[in-house]
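Below is one structure, written out as structure tokens; the observations come after it.
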């Protein structure tokens, strides 16, 4: 697919998706939101794509909804597909990312504000550059979160820290975000995409069916109690054992893992 608002680069099972409105700090116009939805629908159905890296062009990951459009200062771009006879709804982007069915790594290169913060939280995990800055300004602009921030953020960093961020609207720097457990790593701007690409390649080196099931039971358990999560895992474990490949194929896979470990240590 081809869309200047969202760039896609594919390499060995990894699709790097770049939100591309750098002059507007990747503000989520109707057209950009539609492009994100269409991109994730495309990647969901693309058999060659195993892992997705999501990032932004320029100085921002994304600063959230386009306030100029919302305020009526500018009309929505004519780039919106003529096939759509309605505006993108608030749930479309979240559903598209959540239902892509593949690991999504958030490569946060700069500002991730409000709706942009929410999109970062939709990713399976986040790697941040030293230039990353997070902020939840919903309370400042008079909007209640609608893409999951109020539920995901407390689960990641604790409810007290989440309240501090959401009730003040203050910025969170990359290093503090790492210390609080929001992001996995902080790297230089130059190392951000290479780091994410290496992690994505590490993911593609694992057994696809098994990793997909592990990801699924983790996500389901995260939304349940510990006891419910344990039952979800046990059911998945038994079902997976019954569908497991022949023993000789399992042995071959283990040998591949051992060989890969030796090559990384050399």
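The values are calculated or read from the model by the stated rules, or taken from the named source; none is laboratory data. What you see is a predicted model, and the numbers here were worked out from it, not measured in a lab. Positions of Cβ are generated from backbone atoms using ideal geometry, with glycine treated the same way; all protein chains shown enter the neighbour counts.
The rows are residues; the columns are (1) exposed (fewer than 13 other Cβ atoms within 10 Å of the Cβ); (2) touching a residue at least 24 places away in the same chain (Cβ under 8 Å).
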site	(1), (2)
150	no, no
165	no, yes
181	yes, yes
218	no, no
222	yes, yes
_Single condition residue 68 does not satisfy, out of (1) out of contact with any strand residue (DSSP E or B) (no Cβ under 7 Å at 6 or more places or on another chain); (2) outside any helix (DSSP H, G or I)_ = (2)
*What residue, of 37, 17, 51, 30, is farther than 18 Å from residue 99 by Cα and either assigned by TED's automatic domain parsing to the domain that holds residue 174 or surrounded by 21 or more Cβ atoms within 10 Å (Cβ to Cβ) (or both)?*
30
*Verdict on residue 182 being within 26 Å of residue 99 (Cα to Cα) and in the same structural domain as residue 58 (by TED's automatic domain parsing)*: yes
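Would it be correct to say that residue 74 is in contact with a helix residue (DSSP H, G or I) (Cβ under 9 Å, 6 or more places away or on another chain), assigned to a loop (DSSP other than H, G, I, E, B), at pLDDT below 95 and exposed (fewer than 15 other Cβ atoms within 10 Å of the Cβ)? Give the steps one after another, and end with the answer.
Values: in contact with a helix residue (DSSP H, G or I) (Cβ under 9 Å, 6 or more places away or on another chain): yes; assigned to a loop (DSSP other than H, G, I, E, B): yes; at pLDDT below 95: yes; exposed (fewer than 15 other Cβ atoms within 10 Å of the Cβ): yes.
Against the criterion (in contact with a helix residue (DSSP H, G or I) (Cβ under 9 Å, 6 or more places away or on another chain), assigned to a loop (DSSP other than H, G, I, E, B), at pLDDT below 95 and exposed (fewer than 15 other Cβ atoms within 10 Å of the Cβ)), residue 74 qualifies.
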_Just to verify a result, which residue in the range 1-14, among those that are in a strand (DSSP E or B) and in contact with a helix residue (DSSP H, G or I) (Cβ under 7 Å, 6 or more places away or on another chain), is surrounded by the most Cβ atoms within 10 Å (Cβ to Cβ)?_
6
